[in-house]
Amino acid sequence: MPLYEHVFIARQDLSNAQAEGLIEHFGTVLSDNGGKIVDSEYWGVKTMAYKINKNRKGHYAFLKTDAPAPAVQEMERLMRLHDDVMRVLTIKVEEHEEGPSVQMQKKDDRGERRERR
């Protein structure tokens, strides 16, 4: 099955438990349609570069999935209809990276930046 990575932003006035509950909810949508969540990360509340629906901050969540295209389309459709979800980004990838995402790594653990010219 194809591999996907999803990032979604939920409204800032949700509690952490409610935001993490959204991850579980969309995971069940995938599993009902023949897919599965390989890994999920809750990145917390972050300030956005610009306001979205009068919100300055949002709860960010990251999902790594292994699902057929119709299951992903159904999950995206339900995310777009959900009142608490403001933005969704889905990317098809060749393989999932091992370990935590860059957002969850400490600055010291990240590789050195290359020099600017």
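The values are calculated or read from the model by the stated rules, or taken from the named source; none is laboratory data. In this text, all values refer to a predicted model and were calculated from it rather than measured experimentally. Using ideal geometry, Cβ is built from the backbone for each residue, glycine included, and neighbour counts are taken over all protein chains shown.
Quickly run through the range 77-117 and pick out the residues that are in contact with a helix residue (DSSP H, G or I) (Cβ under 8 Å, 6 or more places away or on another chain) and either part of a loop (DSSP other than H, G, I, E, B) or modelled with pLDDT under 90 (or both).
First, pick out the residues of the range 77-117 that are in contact with a helix residue (DSSP H, G or I) (Cβ under 8 Å, 6 or more places away or on another chain): 78-79, 82, 84-85, 88, 90, 110.
Across the range 77-117, the qualifying residues are HIS82, ASP84, ARG110.
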Of the residues in the range 30-87, those that are surrounded by 15 or more Cβ atoms within 10 Å (Cβ to Cβ) and of a type in the set (D, E, K, R) come to ASP39, GLU41, LYS57, LYS64, ASP66, GLU74, GLU76, ASP84, ARG87
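Condition check: of a type in the set (A, V, I, L, M) and in contact with a strand residue (DSSP E or B) (Cβ under 9 Å, 6 or more places away or on another chain). Does VAL45 satisfy that? Even if it seems obvious, please write down each step before you answer.
Details: of a type in the set (A, V, I, L, M): yes; in contact with a strand residue (DSSP E or B) (Cβ under 9 Å, 6 or more places away or on another chain): yes.
Judged against the criteria, VAL45 is a match.
Might you let me know whether the range 8-17 holds any residue that is under 18 Å from THR90 (Cα atoms), touching a helix residue (DSSP H, G or I) at 6+ places or on another chain (Cβ under 8 Å) and modelled with pLDDT of 90 or more?
Taking the range 8-17 first, the residues under 18 Å from THR90 (Cα atoms) are 8-10.
Next, only the ones that are touching a helix residue (DSSP H, G or I) at 6+ places or on another chain (Cβ under 8 Å) stay: 8, 10.
Of the ones still in play, those that are also modelled with pLDDT of 90 or more are 8, 10.
Checking the range 8-17: at least one residue is under 18 Å from THR90 (Cα atoms), touching a helix residue (DSSP H, G or I) at 6+ places or on another chain (Cβ under 8 Å) and modelled with pLDDT of 90 or more.
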Considering each of LYS36, LYS46 in turn, give the residue that is of a type in the set (Lys, Arg), free of Cβ contacts under 8 Å to residues at least 40 places away in the same chain, within 26 Å of GLU98 (Cβ to Cβ) and in contact with a Phe, Trp or Tyr (Cβ under 7 Å, 6 or more places away or on another chain).
-> LYS46
